[in-house]
Structure formats: C-alpha cells, structure tokens
Amino acid sequence: MAVDTDTLETVQSVAGTGYKWGFETDIEMDLAPKGLSEDTIRLISARKGEPEWLLAWRLKAYASWLAMGEEPSWARVEHAPIDYQDLHYYAAPKKKPGLKSLDEVDPELLRTYEKLGIPLRERAVLAGVEQAPANGRADIAIDAVFDSVSVATTFRETLSKSGVIFCPISEAVRDHPDLVRRYLGSVVPAGDNFFAALNSAVFTDGSFVFIPKGVRCPMELSTYFRINARNTGQFERTLIIVEEGSYVSYLEGCTAPMRDENQLHAAVVELVALDDAQIKYSTVQNWYPGDAEGRGGIYNFVTKRGACRGARSKISWTQVETGSAITWKYPSCILQGDDSVGEFYSVAVTTNRQQADTGTKMIHIGKNTKSTIVSKGISAGRSNNTYRGLVKILPKAAGARNHTQCDSLLIGDRCGAHTVPYIESRNPTAKVEHEATTSKIAEDQLFYCRSRGLTEEDAVNLIVNGFCKEVLQELPMEFAVEAQKLLAVSLEGSVG
Amino acid sequence: MLYINGLRAAIDGREILKGINLTVPTGEVHAIMGPNGSGKSTLSYVLSGREDYAVTAGTVTLDGRDLLAMEPEARAAAGVFLAFQYPVELPGVGNANFLRTALNAIRRTRGESELDAVQFLKLARAAAKRLSMPDDMLKRNVNVGFSGGEKKRNEILQMAVLKPKLAVLDETDSGLDIDALRIVADGVNAQRGPDFSALVITHYQRLLDYIVPDRVHVLMDGRIVRSGGPELAHELEASGYAGLAEAA
C-alpha cells in the first residue's frame, strides 16, 4: 500500500494545517539551465545516455510543439500565460541514480519518502526480519520518481522471477530498447496535443511496465511522483504493456511542496492491452492545490490514454483527483479489439480557487465494445469543476454500448459544476446512455447527521463518501482508505 | 429532567413559540398535541438545535445542562434524540455505517469506548429484530427508497440503538398504517423506564392509544394552553381544538 495511515497522520501533524505534504527536501540538485531549446533536449538525452533514435524522436516532437504554438483553449480553465523559457527541464538529486540496491539511495531521499508515508524498502517478511504487516496487506512494488528521475524501484527481483519488468523508463530505454521503441508514442503520438508534444520532447523519467503473455502480475505496482525542486516542470512518461491474457493493477500517487508560484506537471501515460489482457490503473492525485486565494499550486496537464488493441481486452481507469491548482486530464480508452471494455471511474474534488476540467474519451472501434463512465464531481469554495467527455462510436463498432453517469455535488453557493458530454455515434446498432445529476449538500442532510451526534465535518465526509462510493469501491482496498482520508482533508472547513 | 422555561423562538423574524413552560420529569412520557401551525415542529427543532430558528428568550435544560448553548451534535451526546417527521435521505451512505458512526461519535464524546463493526452489528440486528425490521434495512442506504412506514421505523431503530435520555418524536405517527403504528409504539414503549423520557408530538389521539402518556399538553399559537392526564387526549378527540380555543 502506498501510504501508511499512521505515517500519513505524522506527516499531517508535521506540516500543520492545510496541505499536509507541502514540505521541501533540502538536497543538492543537478539542474539544467532554465529554458527550452534543442540544446535543452540534447542535454536531457545526453544525461540519460539515450540512443540516437530517441533523441531524433524528441526533436521531432519539439518541432511539432513549436508548430502548435499555443496551449489548447477549449477547456474551462483560466491561468496566466506560462513562460516555458522560465523553467528548468531537468532536475535530479546529485547522487547518481540508477542504483543496484536501496542501500545506495541518498538517506535524505529515503527520509522524504518515509515522511510521505511511502517506505522505500522491501519488507523482509519471508526472511522473518520484520513482522508481517498487521492488517495482512500485500506488498506493493514502488517506483519513486523525484523531480526528473526515478530514485528507487522496489521488488524488482521478485517481479522479474515472473518475467515482469518494472523499472524507470530511462532504464528501459537502455535495457529493453526494442519494447520501448515499438510502443512509445504508439498510443499518444508525439504530436498528439500541445502538452503531449512538450512531454515527448522533454520527458525525463517515469515508469515502465511490461507483463509478458499469460502472467498475472503477482503484486500491485505503483509509482509515487514527487515534485521538489523550485521552478521546474515535471514531465514524466509512463508506458505499460500487457501481453495476451495477462493482468496488472497499477497505482499512482503524487504530492508537491507548498509554494506561491505555479509549477507545471505535464505527463503522458500510455497503456497497451493485447488479447484478453487487463489493466487496472488507479490514481490518487494530490499535487499541491494552491492556497485559499489561488496562489501557487500545480498545473496538472496530463494526457493519459489506453489502447485495448486485443480482442476481449479491458482497461479500467480510476482516479481520485483532489490536488492541483488546475487539472486538465482525460484518461481515455481506444477500444480497438472486438469485445474490448473500457471503464472510467472518477472523483474530482475542487475547493478554494481550484479548477478542474476532466473526463474521458471512449473511442469504440471494434464490434461489441463496451464502455462505462462514472464521474463524480465535488465543488466547494469558489472552485470550478467540469466534466468533459466524448463517446465516439465508429461505423464498424456494431453492438457497441456505453453507459455514462455524471453526478455533481455542490458545497456552498459560490462554486460551479459543469457537464459537457459529447456523443458521436456512427453505427445504428450502438447504444449510448447518459445520465447526469447535480445536487447540493442540503442543510437537511447536515442537520439530520448532526442531530445523531456527528460533527459537521464528519457529516460532510459521510455524505461526500456516500456520493463517491461507486468510484471509491473500484480502488484497491488500501488505496480506497487513503482516498477517503484525502477527501476528508481536502474538504476540511469547506462548509459553514 | 427536561425543563423548559419561558421559551420564545422565531424563524425569519416571525415568532412561533411565544413563551413555553414545560417540565418532563425523567422516566415520564409526555404528549404534545395541537393543530397545524401551533409550533409543534418548531419546538422539536429548537430542542434539537436546528440553526434556522432563533431563540429569543427562555431556557431549556436537560438534567441541569443548558441545551440551548450546545451544538446539535453535543445535544445528541447529552442524550437528546429527535425522530424526524420527514426523515432525510443520504444517498450512498449505508444505514449501518451511518448508525455506527453516530453511535461511536456519541460514545467518544461521553468518553466511552467505540464499538467495532462486529459488536455494533450484533446490537443493531437485535434492535432491528425487535422492531420487526428485516436485516437488509441495515444494508440499504439511509432512508433511500424507503416507504413512509420504513422511514419512521428506521427512526425508531436509530433511537433504540442510540438510547437517548430524551426522545422527541415529531409526528412519528403521520403516514403510518395501523400495523406500522403498533410496531413504532412498541419500539417506544420498549425504551420506557426510569432513565428515559419522551416528548411525543402528535396531531391525533390515535398514537396515544398505543403510547399511553403520563401527561398531555395542548400547544396552540406558540403557548401551552392546557395540560392534563391521558384523558385530555380523548377529550380533544371529541371536542376538537376549536372548542378548546374558545375555552382558553
């Protein structure tokens, strides 16, 4: 499990009120000079010892980014222009990563992750060195990405016994170049959109997962992203390939220090599922959201897409989005294989001045493809929360089905909830259903709970958790517990 | 003992309660009867601390503690329970989870240990059984899709689990058929004892055939205009509130 609740509470008490993960690690960094140019890209590529083809791919992406010129403007978000020349595009802790064992990781980094509740150690349960976890929870392999680099990946040996590859993507480029070359950019092309092109040009690290044919990954895999350095952008890239008949459950978590200026996080995640493969991808996004007046916070501009290439394959996205000043993200599924299934379960919480424009795209290409969308938006304070979704049925997708349910919950009367569904059906046998509701936490509900002995905050939590139940129950159990706590912390003080 | 002295309360600047004096000794069940608009529901909300109502004068104490100074949740911990006339729906919130959260919140405030899921379910199932409620009622979402009668029974179930010192039943009989009425009344009667008192607010005498009160008070236009024994309810049934208004 990613975040141990005791540790979580310790972190909360350390950081005081508000955002509880906002501390900064004082560590010597190797920073690329500010600014973006071909030279910057060459520098990143050189630092990582990349092959020529990848540098060429990056430069091509950079050219298409330059050609696009400006950020997409269709989302319901507002921000001051981003000065792309005022950022560091590479920031790595000075001690060289790419270590053989955890013993070599800078103790300061280990302490950082410990403080975040992500112990970067492999519990030696079998050897009897440590007691088995009290609540019987399973081990989880973790890849820890700190600014631009992966600092540690746990349980790699255990995983490799079943043929599973779980490593930083920069390492995969070196050790498994054929796989990377074959799949990188195959789901999200380098020139897909402004932020994907930027990412393709300057991505630094991220996780690589490969599950060979017929393997059920023996443990949950997870990546924990941490932004630490000032004035840097984090551009991580994740690539997950699951071969025929295989299964993986992958979790991702993220935090950042509290700062007055905004920081850019533009990630790309690509998933590929072959015949009968299943990928369950869960995110708990808790980047620093900025303060009550909207100062600071992360701009989370992310492209996530999964390709159900094989027949009967399934990709399921579950996200709990509580952080970031601005969230712009649409985890999507391309349902290419016949009978493939795409799912999107989302809880997006915005408070204070946060803005979220999030949703999904389900592209039905194959026959009898099915998709399910359940989106729960919670707005409080003076925030704006938009669901934006596309369900597209192509002419050959006979018998395609979609069910979409979008619910919005408003807390207070100065926030906004918006639902923007797009439906394009080009096959007469397809069935597409859309349901949407908007409700307010009623005084009645709060009073009812309080008259039974619950405090106002407990009452809000109970009502919010009830509202999100369908989504939270899709998360792996321990992650769900963490998500519930996170919802509680995010909405603290939002009523009254 | 519940002690209400000179209680005045208003909503949106309109005075509804115009000086209520009422004492309910511990162990007794009192009925409040009155026509629509006499202030019955206002009284129940003011006792449980609903914020929309402004108390302009008077005092309310339960066993010597000043209820009016407390938040609704503190009143619950002090032993006040309101059975709502219109129980509220909480989508996605399981009935058992809701009730356990409430019970543990109250126990925490009182410095008692919290009940785990197993201990709680044992207690809740036993209470449900006494109220002829199927177990699955505990699994369903709070009041969502419940019939009128089920909602009222659910209120009584909550009361049975939370074990208040003072229960205020706000027109719990409204919308109940005779069988449901009997079950609800049995639930209330089961709580009766030296440590329990209740204020049964009702429009009709019918409920009082099943929950026989120690005292009956008639509330009209924000004041208690008459008090008496259980026979007062029968008298009202015969003469109506109008006759009483003339007498008063």
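Take the conditions not in a strand (DSSP E or B) and not aliphatic (A, V, I, L, M) and apply them to residue B:75. Does it pass?
Spelling it out, residue B:75 is indeed not in a strand (DSSP E or B) and not aliphatic (A, V, I, L, M).
Assess whether residue A:210 counts as being at pLDDT 95 or above and in a strand (DSSP E or B).
Yes, satisfied.
Quick one: which residue in A:459, A:442, A:436 is touching a Cys at 6+ places or on another chain (Cβ under 8 Å) and at the interface with chain B (Cβ under 10 Å from one of its Cβ atoms)?
A:459
Any residue in segment A:173-192 that is modelled with pLDDT under 85 and of a type in the set (Ser, Thr, Tyr)?
Among the residues of segment A:173-192, not one is modelled with pLDDT under 85 and of a type in the set (Ser, Thr, Tyr), which makes the answer no.
What do you reckon, is residue A:490 closer than 17 Å to residue A:377 by Cβ, among the polar types (S, T, N, Q) and over 21 Å from the mean Cα position of the chain (by Cα)?
no
Matching residues to (1) under 29 Å from residue B:108 (Cα atoms); (2) out of contact with any Gly (no Cβ under 7 Å at 6 or more places or on another chain); (3) free of Cβ contacts under 8 Å to residues at least 12 places away in the same chain:
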position	(1), (2), (3)
B:1	yes, yes, no
B:49	yes, yes, no
B:53	yes, yes, no
B:62	yes, no, no
B:66	yes, yes, yes
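Might you let me know whether segment B:73-84 holds any residue that is of a type in the set (Asp, Glu), within 20 Å of residue B:200 (Cα to Cα) and touching a Ser or Thr at 6+ places or on another chain (Cβ under 9 Å)?
no
Does residue B:192 meet the test of being more than 14 Å from chain A (Cβ to nearest Cβ) and touching a strand residue (DSSP E or B) at 6+ places or on another chain (Cβ under 8 Å)?
When the stated conditions are applied, residue B:192 passes them.
Among the listed residues A:383, A:379, which satisfies the condition of being touching a Leu at 6+ places or on another chain (Cβ under 6 Å), closer than 15 Å to residue A:327 by Cα and away from chain B (no Cβ under 14 Å)?
Criteria check complete, one pass: A:379.
Which of the residues that make up segment B:186-214 are charged (D, E, K, R) and either crowded, with 18+ Cβ neighbours inside 10 Å or assigned to a helix (DSSP H, G or I) (or both)?
Once the filter is applied, which keeps residues that are charged (D, E, K, R) and either crowded, with 18+ Cβ neighbours inside 10 Å or assigned to a helix (DSSP H, G or I) (or both), segment B:186-214 yields B:186, B:206, B:209.
Any chance you could count how many residues in segment B:70-86 are among the aromatic types (Phe, Trp, Tyr) and over 16 Å from residue B:42 (Cβ atoms)?
Of the residues in that region, 1 qualify.
Consider residue A:482 against the criteria (1) without any contact (Cβ under 8 Å) to a residue 40 or more places away in the chain; (2) more than 13 Å from chain B (Cβ to nearest Cβ); (3) over 22 Å from residue A:315 (Cβ atoms); (4) under 26 Å from the mean Cα position of the chain (by Cα): it satisfies all of them except one. Which criterion is unmet?
Exception for residue A:482: condition (1).
Being within 14 Å of another protein chain (Cβ to nearest Cβ), polar (S, T, N, Q) and farther than 25 Å from residue B:46 by Cβ, is that true of even one residue in segment B:148-166?
No, segment B:148-166 contains no residue that is within 14 Å of another protein chain (Cβ to nearest Cβ), polar (S, T, N, Q) and farther than 25 Å from residue B:46 by Cβ.
Count, please, the residues in segment B:215-239 that happen to be exposed (fewer than 15 other Cβ atoms within 10 Å of the Cβ) and in a helix (DSSP H, G or I).
Final tally of qualifying residues: 5.
For segment A:464-479, which positions are buried (at least 24 other Cβ atoms within 10 Å of the Cβ) and either closer than 19 Å to residue B:74 by Cα or at the interface with chain B (Cβ under 7 Å from one of its Cβ atoms) (or both)?
A:467
For segment A:193-206, name all the residues that are of a type outside the set (Phe, Trp, Tyr) and either over 22 Å from residue A:329 (Cα atoms) or modelled with pLDDT of 90 or more (or both).
A:193, A:196, A:197, A:198, A:199, A:200, A:201, A:202
Being surrounded by 18 or more Cβ atoms within 10 Å (Cβ to Cβ), over 30 Å from residue B:83 (Cβ atoms) and of a type in the set (S, T, N, Q): is that true of residue A:438 here?
Spelling it out, it is not the case that residue A:438 is surrounded by 18 or more Cβ atoms within 10 Å (Cβ to Cβ), over 30 Å from residue B:83 (Cβ atoms) and of a type in the set (S, T, N, Q).
Quick test of your reading of the structure: residue B:59 fulfils all but one of (1) in contact with a Phe, Trp or Tyr (Cβ under 8 Å, 6 or more places away or on another chain); (2) surrounded by fewer than 14 Cβ atoms within 10 Å (Cβ to Cβ); (3) polar (S, T, N, Q). Name the failing condition by number.
Of the numbered conditions (1) in contact with a Phe, Trp or Tyr (Cβ under 8 Å, 6 or more places away or on another chain); (2) surrounded by fewer than 14 Cβ atoms within 10 Å (Cβ to Cβ); (3) polar (S, T, N, Q), the odd one out for residue B:59 is (2).
Determine which member of the set A:264, A:271 is surrounded by fewer than 23 Cβ atoms within 10 Å (Cβ to Cβ) and among the hydrophobic types (A, V, I, L, M, F, W, C).
Every option except A:264 fails the conditions.
Here is a yes/no grid of residues against (1) closer than 19 Å to residue A:218 by Cα; (2) touching a Pro at 6+ places or on another chain (Cβ under 7 Å); (3) surrounded by 24 or more Cβ atoms within 10 Å (Cβ to Cβ):
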position	(1), (2), (3)
A:251	yes, yes, yes
A:289	no, no, yes
A:298	no, no, yes
A:316	yes, no, no
A:331	no, no, yes
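Within segment B:158-185, count every residue that is in contact (Cβ under 8 Å) with a residue 40 or more places away in the chain, of a type outside the set (Val, Ile, Thr) and crowded, with 18+ Cβ neighbours inside 10 Å.
9
Sort out which residues of segment A:446-456 are touching a helix residue (DSSP H, G or I) at 6+ places or on another chain (Cβ under 7 Å) and facing another protein chain (nearest Cβ under 7 Å), and write them in order of number.
The answer is A:447, A:450, A:451, A:452, A:453, A:454, A:455.
Do you know which residues across segment B:62-105 are under 26 Å from residue A:469 (Cα atoms) and either basic (Lys, Arg) or more than 10 Å from chain A (Cβ to nearest Cβ) (or both)?
B:95, B:96, B:100
The values are calculated or read from the model by the stated rules, or taken from the named source; none is laboratory data. In this text the structure is predicted, and so the values were computed from the model without any measurement. Cβ: placed from backbone, ideal geometry, glycine included. Neighbour counts: every protein chain shown.
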